[in-house]
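Each remark here refers to the structure printed beneath this line.
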Amino acid sequence: MLGFARQDGELHCEEVSMEALARGAGTPSYVYSAGVIRDRYARLDAALAAAPHRVHYSLKANASRGILDVLRAAGCGVDVVSGGELYRALRAGFRGEDILFGGVGKQEHELREALAADVKLINVESEAELRLLSRVAVASGVVAPVGLRVNPEVDVRNAHHYIATGARGHKFGIPVGDALAVGKLALSLPGIALQAVDMHVGSQLHSFEAYSAGTARLVDLSRTLRDAGAPIRYMDSGGGLPVPYSDEEEPDLAAYGAIVTAAANSLGVELLVEPGRFFVAAAGALLTRVLYRKETGNKTYLICDAGMTELLRPSHYDAFHRIEPVATPVGELVADVVGPVCESGDFLALDRALPDVHAGELLAVHTTGAYGYVMSSHYNARPRVPEVLVDGSRWAVVTARETYADLVRLEDPSPTWRQG
Ligand code: LLP
């Protein structure tokens, strides 16, 4: 069995009961299904079979070593956006050729680190960054493999404006109208080998129109760049594949695959894709215990041991995450499911119809494998929770629960004072 389902009434992750995981790892914890991740990788890889391609998992969605190990073993590469993510990728055994390096505000040391790691491609987002990269590459005595991250300025429709990136005026990428000039500059600069065009138009894209319109612009641009002498070898169509959080449909991978592979094939280039959420969102659940059930005014609150510090998405994006009790559901209740943090915005769900849940019971907050743990914080001095990987009937804590000592580890109680 893949993912989360009931066996004899009780919620399991693959073959392991969530109750047993709560006993073994404590709560709150993030629980991930390795089988779901493998299955989704295999399905996407198959959907791209019509073109030479490589899938680069966008590590920002979940950078856990346990998850990286599963994807690396499946044959996946990674897309990283910081020196820290590059460090994590290398530590997990990815080699330079497995790694794309992106990001809107790369620092000089990060460019140096990317070149030292011999990454497959550095996706550059501005003329100024291109000039800096040229200087860094020359100083390091290497040639940087470069992609131009273009903002194709297409109509992006998705769940929240915070996660749209490819419309006119967004901070990301080189405006499509400027891309040819920047491309020509790339051809003239030392230490730069222009090899790719790249876009990422947004996240959670239920309509594929932005992929069609965006890749069409990348194809046009690549042709013009080729005419100008650029040996374009790759097209990177970014991430953004959506996942169902409530009753939406799973994305039509065949339709998506047809769009992006046709674009790459029309140029005869290798297709690169960078989805993050698609692989890991549904593979994860946040396991939390109800500490108190409180009736106040005309409202019922389920006060849990997890909140916005563990899962920011409900409070930050008004995101919906399905919640269910681990035990056999009985009865009915409408409640706000909230955390212990001293903020009214600290909630996992508002006015949610649930079974009749009581203090002491366990809840699973679903579809939280992407942008869950990675966006967690120490606010209210709350140590980060463990990450648990389940594989068939086995499970392991792949990231330990932080301790109170971890919260103060970097503080210096007797600092060295210097004179200004
Ligand atoms: N490539 C680039 C350049 C990106 O900026 C992103 C995500 C991805 C790939 C992967 O996108 P995905 O396939 O996961 O949609 N924290 C937000 C999502 C922010 C996405 C940022 N960029 C959330 O919780 O919904």
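Values computed for the structure shown
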{"read-out": "Cα pair count fraction exceeding 31 Å, expressed as % - the stretch 48-279", "value": "15 percent"}
{"read-out": "Pairs of Cα atoms farther than 19 Å apart, the stretch 287-420, %", "value": "56 percent"}
{"read-out": "For the chain, calculated [θ]222 nm from helices alone, where every DSSP H run of n ≥ 4 adds -39500 (n - 2.57)", "value": "-8500 deg cm²/dmol"}
{"read-out": "Solvent-accessible area per residue, Å², over the chain with all protein chains present [probe radius 1.4 Å]", "value": "42 Å²"}
{"read-out": "Whole-number D in µm²/s for the chain (Stokes-Einstein; Kirkwood sum over Cα pairs; 10 °C, 1.306 mPa s)", "value": "70 µm²/s"}
{"read-out": "Helix axis angle, 253-267 relative to the chain longest principal axis, alpha carbon, degrees", "value": "10 degrees"}
{"read-out": "Charged-residue dipole, Cβ positions (Lys, Arg, Asp, Glu), the chain about Cα centre, Debye nearest 20", "value": "1080 debye"}
{"read-out": "Mean projection area, nm², convex hull over Cα of the stretch 193-239", "value": "3.2 nm²"}
{"read-out": "FRET E, pair GLU97, ALA216, Förster distance 22 Å, beta-carbon r, rounded to 0.05", "value": "0.15"}
{"read-out": "Residue (of LEU362, ALA381, SER344) at the positive-pole extreme of the stretch 341-388, dipole from beta-carbon charges", "value": "ALA381"}
{"read-out": "Proximal charge balance of ARG394 [Cβ under 11 Å; K/R count +1, D/E count -1]", "value": "-3"}
{"read-out": "Share, in percent, of DSSP beta bridges within the chain that are antiparallel, nearest 5", "value": "50 percent"}
{"read-out": "Segment CYS342-ALA396, extension gain: residue separation times 0.36 nm, minus the distance between their alpha carbons", "value": "16.2 nm"}
{"read-out": "Paramagnetic reach from SER266 in the stretch 157-182 [backbone N under 19 Å; point 7 Å along Cα→Cβ]", "value": "176-177, 179-180"}
{"read-out": "Farthest toward positive dipole pole in the stretch 48-279 [+1 Lys/Arg, -1 Asp/Glu at C-beta], among LEU132, LEU205, PRO244", "value": "LEU132"}
{"read-out": "Apportionment of accessible area to carbon and sulfur, the chain, percent (1.4 Å)", "value": "51 percent"}
{"read-out": "Check: the stretch 25-74 dipole with +1 on Lys, Arg Cβ and -1 on Asp, Glu Cβ, in debye", "value": "100 debye"}
{"read-out": "Protection proxy ranking, peptides 236-242, 362-368, 205-211, average beta carbon neighbours within 10 Å, highest first", "value": "236-242, 362-368, 205-211"}
{"read-out": "Extension reserve of the GLU127-GLU209 stretch, reckoned as 0.36 nm per residue once the Cα distance is removed", "value": "26.7 nm"}
{"read-out": "The stretch 256-283 and the stretch 156-224: distance between their alpha carbon centers, rounded to Å", "value": "15 Å"}
{"read-out": "Inverse of mean 1/r across different Cα pairs in the stretch 193-326, Kirkwood, Å", "value": "17.9 Å"}
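The values are calculated or read from the model by the stated rules, or taken from the named source; none is laboratory data. Since the structure is predicted, the reported quantities are computational estimates derived from the model, not experimental observations. Backbone-built Cβ (ideal geometry, glycine too); neighbour counts: all protein chains shown. Just the protein is used for accessible areas: all its heavy atoms, side chains included, with ligands, DNA and RNA removed. Shrake-Rupley method; radii C 1.70, N 1.55, O 1.52, S 1.80 Å.
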